[in-house]
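Trainee: Pasting a structure here, questions to come.
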Amino acid sequence: MSLYFYWILSVSLLLGQLVLLLVLALRKQKLAAKEGAIVEQYHALTDSFSSYMMDSADDRFVQEIRSNPHKTVVLERLLNGYVSVTKGGVHSPLVATLSEDFLSAHYAKQLKRKTWAVRMNTLYFIEDFHMESLKPLLKEKLRKSSQLDQETQQLIRTLASLNEPETLSVLAQYPDAPARLYIDVFKRLEEPTRLEELDAALRNEPANKARKHAAISYIGMAGLIAFLPRIEDELATQEGELRIQALKAILHLQYLSDPRLLLPFFQSASWPERMYASRIAGRLQLSRFKEVLSDLLGDSVWWVRYSAAEALVQFSDGDILLAHLSANHPDRYARDMADQWKSSLLGSEA
């Protein structure tokens with residue numbers, strides 16, 4: 001009896017595995033057939049889609065996609081390809097119209113799915129297709145978020161792409177919010193809103209150190225020279241990290257209204273401030289600081305010595321200066337640094 005029982009059990013397990021393999025094979029075959037049909041329809045609609053995007057009067061594509069059995073996936077792929085290769089495609093009215101007409105209801109349901117990857121992909125598509133109609137749903141979802149996880153961060157980016165400044169207020173509720181995320185928000189806002197928010201961040205109203213640092217960093221990266229006087233004002237602040245951010249921004253902006261503003265930083269107790277002051281002097285070719293840079297070749301910090309030498313190279317007589325300093329500087333580390341840069345210059349000329 002016991003042997004018979006084990007035999008029946010073994011046969012049952014074997015049959016169960018065979019049935020499972022069969023189900024998986026059929027499912028895989030079905031998915032492959034579906035994907036094949038989607039790819040075929042995608043290629044079949046490419047020409048009419050292109051014609052419609054060039055001339056919306058040619059509405060063949062709208063009629064064809066409306067009756068397509070896989071219209072959601074096919075249209076999603078067509079639009080995604082268009083915005084990824086077309087300059088300004090994200091802000092195309094036709095992209096917005098097609099996505100609103102055919103995808104908005106689908107995406108509203110996708111945002112409520114339990115699968116994290118589905119929700120994340122949906123947020124990416126909403127941002128890429130600039131779907132304004134889903135903004136209220138996204139704002140409601142953001143207000144319900146209790147932690148700044150990856151999904152909440154993408155939710156903030158997506159809303160910022162729809163020109164929603166409330167994202168900055170929500171972001172301020174998280175003290176550990178990364179500066180990179182603030183910068184992503186500034187980058188996505190429309191220009192008038194962006195300038196208003198940058199102005200508010202520099203005034204530090206409401207008080208938010210991370211947002212102010214990010215605003216200064218973004219101003220430098222974006223080359224917003226109109227904010228230069230405000231950035232220069234931050235050079236006098238008591239907060240060391242803020243001064244460093246201001247120096248970085250000036251380095252990116254490549255402009256300084258008064259070179260004398262750099263003077264205190266060459267003698268700063270903070271080596272990053274000495275380093276950035278040296279880089280600015282070189283980038284702006286402020287020849288009045290050649291002697292100071294020569295002294296900084298002997299700085300105790302390698303990065304400062306490197307930056308001072310790099311700055312001297314950028315002057316028209318930099319090779320002559322480095323040749324002189326490599327032989328005559330009183331500090332042996334300075335002589336070594338000058339010699340390294342002199343050798344690199346000779347190598348680049350060869």
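Trainee: How many of the residues making up the range 137-151 are open to solvent by less than 50 Å² (accessible area, probe 1.4 Å) and part of a loop (DSSP other than H, G, I, E, B)?
Mentor: From the range 137-151, those open to solvent by less than 50 Å² (accessible area, probe 1.4 Å) are 137-139, 142, 145, 148, 151; that's our starting set.
Imposing the further condition that a residue be part of a loop (DSSP other than H, G, I, E, B) reduces the set to 145, 148.
So the answer is 2.
Trainee: Turning to a different aspect of this structure: Looking at (1) closer than 29 Å to Gly88 by Cα; (2) charged (D, E, K, R); (3) at pLDDT 90 or above, which is the only condition Glu166 fails?
Mentor: The number of the failed condition is (3).
Trainee: Now a separate question. Among the numbered conditions (1) on the phi < 0 side of the Ramachandran plot; (2) touching a Ser or Thr at 6+ places or on another chain (Cβ under 9 Å), tell me where Asn163 comes up short.
Mentor: (1)
Trainee: When the residues of the range 260-285 are narrowed to those that are among the aliphatic types (A, V, I, L, M) and assigned to a helix (DSSP H, G or I), which ends up surrounded by the most Cβ atoms within 10 Å (Cβ to Cβ)? Can you show your working first?
Mentor: Restricting attention to the range 260-285, the residues satisfying the condition of being among the aliphatic types (A, V, I, L, M) are 261-263, 269, 275, 277, 280-281, 284.
Within this subset, residues satisfying the condition of being assigned to a helix (DSSP H, G or I) are 261-263, 275, 277, 280-281.
Details: Leu261: 17, Leu262: 23, Leu263: 13, Met275: 26, Ala277: 30, Ile280: 25, Ala281: 28.
Residue satisfying both the conditions and the ranking: Ala277.
Trainee: A further question follows. How about the range 58-93: which of its residues are open to solvent by less than 40 Å² (accessible area, probe 1.4 Å) and among the aliphatic types (A, V, I, L, M)?
Mentor: Passing the criteria: Val62, Ile65, Val74, Leu75, Leu78, Leu79, Val83.
Trainee: Here is a follow-up. Kindly establish whether Glu164 is touching a Phe, Trp or Tyr at 6+ places or on another chain (Cβ under 9 Å), among the charged types (D, E, K, R) and within 27 Å of Ala214 (Cα to Cα). Please lay out each step first, then the result.
Mentor: On the way: touching a Phe, Trp or Tyr at 6+ places or on another chain (Cβ under 9 Å): no; among the charged types (D, E, K, R): yes; within 27 Å of Ala214 (Cα to Cα): yes.
Spelling it out, it is not the case that Glu164 is touching a Phe, Trp or Tyr at 6+ places or on another chain (Cβ under 9 Å), among the charged types (D, E, K, R) and within 27 Å of Ala214 (Cα to Cα).
Trainee: So which residues in the range 92-115 are under 21 Å from Ala160 (Cβ atoms) and touching a residue at least 24 places away in the same chain (Cβ under 8 Å), if there are any at all?
Mentor: Of the range 92-115, the ones under 21 Å from Ala160 (Cβ atoms) are 92-93, 95-96, 99-100, 103-104, 107-108, 110-111.
Ser92, Val95, Ala96, Ser99, Glu100, Leu103, Ser104, Tyr107, Ala108, Leu111 - these are the residues of the range 92-115 that are under 21 Å from Ala160 (Cβ atoms) and touching a residue at least 24 places away in the same chain (Cβ under 8 Å).
Trainee: Still on this model: Out of the residues in the range 152-175 meeting the condition of being within 17 Å of Ala117 (Cα to Cα) and open to solvent by 20 Å² or more (accessible area, probe 1.4 Å), tell me which one is farthest from the chain's Cα centre (by Cα). Steps first, please.
Mentor: Here is the first cut: in the range 152-175, the residues within 17 Å of Ala117 (Cα to Cα) are 152-158.
Adding the requirement that they be open to solvent by 20 Å² or more (accessible area, probe 1.4 Å) leaves 153, 157.
Details: Gln153: 12, Arg157: 10 Å.
By that ranking, first place goes to Gln153.
Trainee: Kindly list the number of the only condition in (1) closer than 30 Å to Leu137 by Cβ; (2) part of a loop (DSSP other than H, G, I, E, B) that fails for Asp58.
Mentor: If we test Asp58 against (1) closer than 30 Å to Leu137 by Cβ; (2) part of a loop (DSSP other than H, G, I, E, B), just (1) comes out false.
Trainee: Something else: Being open to solvent by 50 Å² or more (accessible area, probe 1.4 Å), under 20 Å from Val83 (Cα atoms) and part of a helix (DSSP H, G or I), is that true of even one residue in the range 177-198?
Mentor: Scanning the range 177-198 turns up at least one residue that is open to solvent by 50 Å² or more (accessible area, probe 1.4 Å), under 20 Å from Val83 (Cα atoms) and part of a helix (DSSP H, G or I).
Trainee: A follow-up question, please. Looking at Ser217, Ser300, Ser257 in this structure, which one is among the small types (Gly, Ala, Ser), under 29 Å from the mean Cα position of the chain (by Cα), open to solvent by 10 Å² or more (accessible area, probe 1.4 Å) and at negative phi? Spell out how you get there, then give the answer.
Mentor: On the way: Ser300 fails: under 29 Å from the mean Cα position of the chain (by Cα); Ser257 fails: under 29 Å from the mean Cα position of the chain (by Cα).
Going through Ser217, Ser300, Ser257 in turn, the sole match is Ser217.
Trainee: Can you name the number of the only condition in (1) farther than 22 Å from Pro206 by Cβ; (2) modelled with pLDDT of 95 or more; (3) touching a Lys or Arg at 6+ places or on another chain (Cβ under 8 Å) that Thr158 fails?
Mentor: Result: Thr158 fails condition (3) only.
Trainee: Next question, about the same structure. In the range 98-135, how many are open to solvent by 60 Å² or more (accessible area, probe 1.4 Å) and of a type outside the set (A, V, I, L, M)? Walk me through how you get there before you give the answer.
Mentor: First, pick out the residues of the range 98-135 that are open to solvent by 60 Å² or more (accessible area, probe 1.4 Å): 101, 105-106, 109, 112-116, 121, 124, 132-133.
Keeping just the survivors that are of a type outside the set (A, V, I, L, M) gives 101, 106, 109, 112-116, 121, 124, 132-133.
So the answer is 12.
The values are calculated or read from the model by the stated rules, or taken from the named source; none is laboratory data. For clarity, every value in this text was computed on a predicted model and none was experimentally measured. Positions of Cβ are generated from backbone atoms using ideal geometry, with glycine treated the same way; all protein chains shown enter the neighbour counts. Only protein heavy atoms, including side chains, enter the accessible area calculation; ligands, DNA and RNA are left aside. Shrake-Rupley method; radii C 1.70, N 1.55, O 1.52, S 1.80 Å.
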